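Here's the structure we're looking at; comments come further down.
Please treat every number below as a calculation from the coordinates, not as lab data. Note that the structure is predicted; figures quoted are calculated from it, not measured. Positions of Cβ are backbone-derived with ideal geometry, glycine not excepted, and every protein chain shown enters the neighbour counts.
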Amino acid sequence: MKKNVVLFNKIPADQQARLEKEFNLTVFDKSPDANQADFMHALSQADGMIGSNMATRIDDAFLSKTPKLKAAATISVGFDNYDLAALKKHGVRLMNTPTVLTEATADLIFTLLMATARRTVELSNLIHEGKWTKSITPNYYGTDVFGKTIGILGMGRIARAIAKRAHCGFNMDVLYYNRSTHLDIEQELSAKRLPLDDLLKQADFVVVILPLTKETERLITKEKLALMKPSAILINGARGRIIDQAALVEALQNNVIRAAGLDVYEVEPLPMNSPLLELDNVLLSPHVGSATAETRYAMAKCAVDNIIAALKEEKPTQNWVNPDVG
């Protein structure tokens, strides 16, 4: 007998067809967050769920209403809204898509770094607004990227891809902050592991690409920002809550650091009254690290593979976030 699965995101037709072949598929095409009661009803008899971009917390209260649920596949690498302890209690396997978005996300983060350094959007706007009437003056100059020092917070797959771009493509010195040492990266890219404060003091570019945990939330505070060079640029492609956003706004306003490039925020979408929108020395991107056609297709396919594997009797071998669940 086929198992029941709820799909709550639009995915490519061929991948939806795979789900329909394997399962009794219910497509929930409304917002789970705005239609919570309907969503829970759709899940009440489900063995599995697949989707992403849901703010609703998958916790004990949620899972108590989904007694048959055995597997969840998120179309993302992050799983902040899933309570792992609750998943274990209810015996729900969680799968993510950690590998297929690595290169696209690294590309986006390096794009933010380069565009912020060279003030690309600001100068483009200068032309669009009809203000380019003579050679630009020094107050519009950018800063070099080649040969500078990059400090990377984290050393997972995406961080490694960024480090490789920095060292091999731009002859940058690579510093990193991480719980453990990665000798392979140190040998391959001449990277050096440092305590956080030392990295912040030395880096010309600081790239945040850590997972959001109790230890990393508000890791970058007003005091940490003050350690950075006045000429330094901060890039965040991880999670907004790793940085104290109010402290960052203050640092940018007072030229404590030169600039920032952000793809993530404490609240998403970014509210239109955010003071970040009033600053010229910040480049904003709407959480699009994986947003290429090729990568989003690969993520959907990976998630479909995951839910099929997770609902089989044997244990899945890849992309299993909580292997402590049998």
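Per-residue 3J(HN,Hα) values for the stretch 182-191, derived from phi via the Karplus relation 6.51 cos²θ - 1.76 cosθ + 1.60 with θ = phi - 60°, read 10, 5, 5, 5, 5, 6, 6, 10, 6, 6 Hz in sequence order (x marks Gly and Pro). About the centre of its Cα atoms, the stretch 157-218 shows a dipole size close to 200 debye [charges on the beta carbon of Lys, Arg (+1) and Asp, Glu (-1) only; nearest 20 debye]. With unit charges on the beta carbons (Lys and Arg positive, Asp and Glu negative) and the dipole taken about the Cα centre of the chain, which residue among Pro275, Ala104, Ala86 sits farthest to the positive side? Going by the Cα projections, it comes out as Ala86. If you work out Cα extents along the principal axes in Å from the coordinates, which of (i) 64, 45, 40; (ii) 79, 49, 35; (iii) 70, 48, 34 do you get? Structure-derived value, by its label: (iii). Taking the inverse of the mean reciprocal distance over all distinct Cα pairs, the Kirkwood hydrodynamic radius of the stretch 1-57 comes to 11.6 Å.
In order along the stretch 162-176, phi translates into HN-Hα couplings of 5, 4, 5, 4, 5, 6, 6, x, 10, 6, 8, 6, 10, 10, 9 Hz, rounded to whole numbers, per the Karplus curve 6.51 cos²θ - 1.76 cosθ + 1.60 with θ = phi - 60° and x for Gly and Pro.
With charges set only on the Cβ (+1 for Lys and Arg, -1 for Asp and Glu), what does the dipole of the stretch 50-200 come to about its Cα centre, in debye to the nearest 20?
On the way: 19 positive and 15 negative charges, 98 e Å.
Its charge dipole is roughly 460 debye.
For the stretch 18-25, the Karplus equation 6.51 cos²θ - 1.76 cosθ + 1.60, evaluated at θ = phi - 60°, returns couplings of 4, 5, 5, 6, 8, 9, 7, 9 Hz by residue, with Gly and Pro reported as x.
Selection among Phe170, Ala203, Leu225 by position relative to the dipole of the stretch 167-233 gives Leu225 as farthest towards the positive end (Cβ unit charges, Cα centre).
Ordering Leu153, His128, Phe28 by Cα displacement along the dipole of the chain toward the positive end leaves Phe28 in first place; charges were set at the Cβ atoms of Lys, Arg (+1) and Asp, Glu (-1).
According to the calculation over all Cα-Cα pairs in the stretch 122-238, the P(r) per 5 Å bin from zero is 2, 11, 20, 20, 15, 11, 8, 6, 4, 2, 0 %. Sparse packing (at most 16 other Cβ atoms within 10 Å of the Cβ) combined with a DSSP loop state is found for the following trypsin sites (Lys or Arg not before Pro) in the stretch 146-246: Arg179, Lys214, Arg218. In percent, rounded to a whole number, the relative contact order of the stretch 1-121 is 20, using alpha-carbon pairs under 8 Å and six or more apart.
Magnitude of the charge dipole for the chain, about its Cα centre and with charges confined to Cβ atoms of Lys, Arg (+1) and Asp, Glu (-1), is about 360 debye. Convex hull volume per residue, computed on the Cα atoms of the stretch 172-317, equals 164 Å³.
Separation of the stretch 129-190 and the stretch 1-56, taken as the distance between their Cα centroids, equals 40 angstrom. A cut-off of 5 Å between modelled amide H atoms, ignoring neighbours fewer than 5 places along the same chain, links Met49 with Val6, Ala71, Ala72, Ala73. With contacts taken as Cα pairs under 8 Å and at least 6 residues apart, the chain reaches a relative contact order of 19 percent.
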